[in-house]
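Chemist: What follows is a structure written as C-alpha cells; I'll ask about it next.
The values are calculated or read from the model by the stated rules, or taken from the named source; none is laboratory data. The structure displayed is predicted, hence computed values, not measured ones. When we count neighbours, we look across all protein chains shown, and the Cβ atoms used for this are built from the backbone with ideal geometry, even at glycine. Heavy atoms of the whole protein, side chains included, go into the accessibility calculation; ligands, DNA and RNA do not. Shrake-Rupley method; radii C 1.70, N 1.55, O 1.52, S 1.80 Å.
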Amino acid sequence: MIGVIYFIVIVLANTIGSVSGMGGGVLIKPIFDFIGAHSVAAISFYSTVAVFTMSLVSTARQLASGRKINWQIVLWVSGGAILGGILGNVVFDQLLLLFQNEDQVQMVQIFLTVVMLLFAFFYTKYDWPGFQLKKDFWYCFCGLVLGFLASLLGIGGGPINVSLLMLMFALPIKEATVYSICTIFFSQLAKIVTIAGITGFGLYDLKILWFVIPAAIVGGLLGAWASTILSPQKVTIIFQMVILLVLVINLYNGYQLL
C-alpha cells in the first residue's frame, strides 16, 4: 500500500517539479516525512532516486523537442553540482552521527528548506534584477552551492535552483528551469554514487524502487510536455504556488517535531 501512495505522490510531485524546475524532491521529501513510513535516510534516498530519474527523462525530452541549451553553462554548473552533491551527502552523514537523533537532523533540513523557500518566493514575487555574471568560475560556484544544498536536504534541487540561476545570470524563468533540471541530474547522480561507495544500498528496502522509478519516469515525461506549452507567466505562478504549499508542509512537519 505504501508503494502505491509513494507512486501517486512522485508522479504529481515530479510533474510539477519538472515544469517549475524544482525537481520534485521539494515536494516528495516533506510529504514522505509527513507519511512517516521510513527513516530520514531512506526517505532521502528514495527522493534522490525519484528526482534523478525525473531529471534524466525531462532533460532527454527537452532535447528531443528541440530546446536550445548552452552547454557551457550546463557543464560548469553541473561540474560544481557534482562536487557539491558529494559534499552535501558527506555533511548529511556527519549530521546523523553528530546528533544521533533523526528528528534533529530533520529539523535542520526543514529550517534550511524554509529559508530557501522564503528567498525564492520573494525573489520571483518582486522580480529582483539579476547580476548577469558570465565567467565560468561563477557557473561552477553556483553549481557547488546548488549541489550541496540539494544533496544535504534530500530535495533534489528545490526552489533555490531556479532563483539563484535567475539572480546570478539574469536568465528568464523558463530557461532557468531547464538548466536547473540539468544541474539536478548531476547533483543527484553524485549523491547516488556517494551512497553506493560509502554505505551501499543494503540499508534500504529496494522493493520500493519498483514504485519510485516508474512514477518518476511518468512525472518527468508529463512535466517536460507541460513545460513546452505553458507561458513564462504561468510557470512563475506554478513556481510560487508550489513554494507556498511546500512552506506550509515543512512548517507543519517542523511543528510536529517540537
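Chemist: Could you tell me whether Ala176 is out of contact with any Leu (no Cβ under 7 Å at 6 or more places or on another chain) and at pLDDT 80 or above?
Modeler: no
Chemist: If Ala224 satisfies all but one of (1) hydrophobic (A, V, I, L, M, F, W, C); (2) open to solvent by 30 Å² or more (accessible area, probe 1.4 Å); (3) touching a residue at least 60 places away in the same chain (Cβ under 8 Å); (4) more than 24 Å from Ile43 (Cα to Cα), what's the number of the condition it fails?
Modeler: (2)
Chemist: Please verify whether Ser231 is modelled with pLDDT under 85 and either within 19 Å of Val178 (Cβ to Cβ) or within 16 Å of the chain's Cα centre (by Cα) (or both), treating the condition exactly as stated.
Modeler: no
Chemist: Name the residue, out of Val235, Val248, that is among the aliphatic types (A, V, I, L, M) and surrounded by 14 or more Cβ atoms within 10 Å (Cβ to Cβ).
Modeler: Working: Val248 fails: surrounded by 14 or more Cβ atoms within 10 Å (Cβ to Cβ).
Only one candidate qualifies: Val235.
Chemist: Then there's this: Hey, does the range 205-215 have a residue that's out of contact with any strand residue (DSSP E or B) (no Cβ under 9 Å at 6 or more places or on another chain) and either hydroxyl-bearing (Ser, Thr, Tyr) or under 13 Å from Val77 (Cα atoms) (or both)?
Modeler: Looking for residues that are out of contact with any strand residue (DSSP E or B) (no Cβ under 9 Å at 6 or more places or on another chain) and either hydroxyl-bearing (Ser, Thr, Tyr) or under 13 Å from Val77 (Cα atoms) (or both), one finds none in the range 205-215, hence no.
Chemist: Give me the residue from the range 60-100 that is among the charged types (D, E, K, R) and in a helix (DSSP H, G or I) and, out of that set, farthest from Leu152 (Cα to Cα).
Modeler: Applying the first criterion (among the charged types (D, E, K, R)) to the range 60-100 yields 61, 67-68, 93.
Restricting the remaining residues to those that are in a helix (DSSP H, G or I) gives 61, 93.
Numbers: Arg61: 28, Asp93: 9 Å.
Among those that are among the charged types (D, E, K, R) and in a helix (DSSP H, G or I), it is Arg61.
Chemist: Moving on to the next point. Looking at the range 119-146, which of its residues are closer than 20 Å to Val26 by Cα and either aromatic (Phe, Trp, Tyr) or surrounded by 13 or more Cβ atoms within 10 Å (Cβ to Cβ) (or both)?
Modeler: Let us first name the residues in the range 119-146 that are closer than 20 Å to Val26 by Cα, namely 119-125, 142-146.
Within the range 119-146, Phe119, Ala120, Phe121, Phe122, Tyr123, Thr124, Cys142, Gly143, Leu144, Val145, Leu146 qualify.
Chemist: Considering each residue of the range 46-67, count those that are of a type in the set (A, V, I, L, M, F, W, C) and either in contact with a Cys (Cβ under 7 Å, 6 or more places away or on another chain) or open to solvent by less than 10 Å² (accessible area, probe 1.4 Å) (or both), and give that number.
Modeler: Going through the range 46-67 one residue at a time, the tally reaches 3.
Chemist: Could you list all residues from the range 26-45 that are buried (at least 18 other Cβ atoms within 10 Å of the Cβ) and polar (S, T, N, Q)?
Modeler: Answer for the range 26-45, where residues must be buried (at least 18 other Cβ atoms within 10 Å of the Cβ) and polar (S, T, N, Q): just Ser44.
Chemist: Okay, next question. Those residues that are among the basic types (Lys, Arg) and either closer than 16 Å to Ser44 by Cβ or surrounded by 24 or more Cβ atoms within 10 Å (Cβ to Cβ) (or both), I need them from the range 156-211; list them, please.
Modeler: Lys191
Chemist: Right, next: Inspect all residues belonging to the range 201-216 and state whether any of them is under 21 Å from Lys125 (Cβ atoms), over 15 Å from the mean Cα position of the chain (by Cα), modelled with pLDDT of 85 or more and of a type outside the set (A, V, I, L, M).
Modeler: Scanning the range 201-216, I find no residue that is under 21 Å from Lys125 (Cβ atoms), over 15 Å from the mean Cα position of the chain (by Cα), modelled with pLDDT of 85 or more and of a type outside the set (A, V, I, L, M), so the answer is no.
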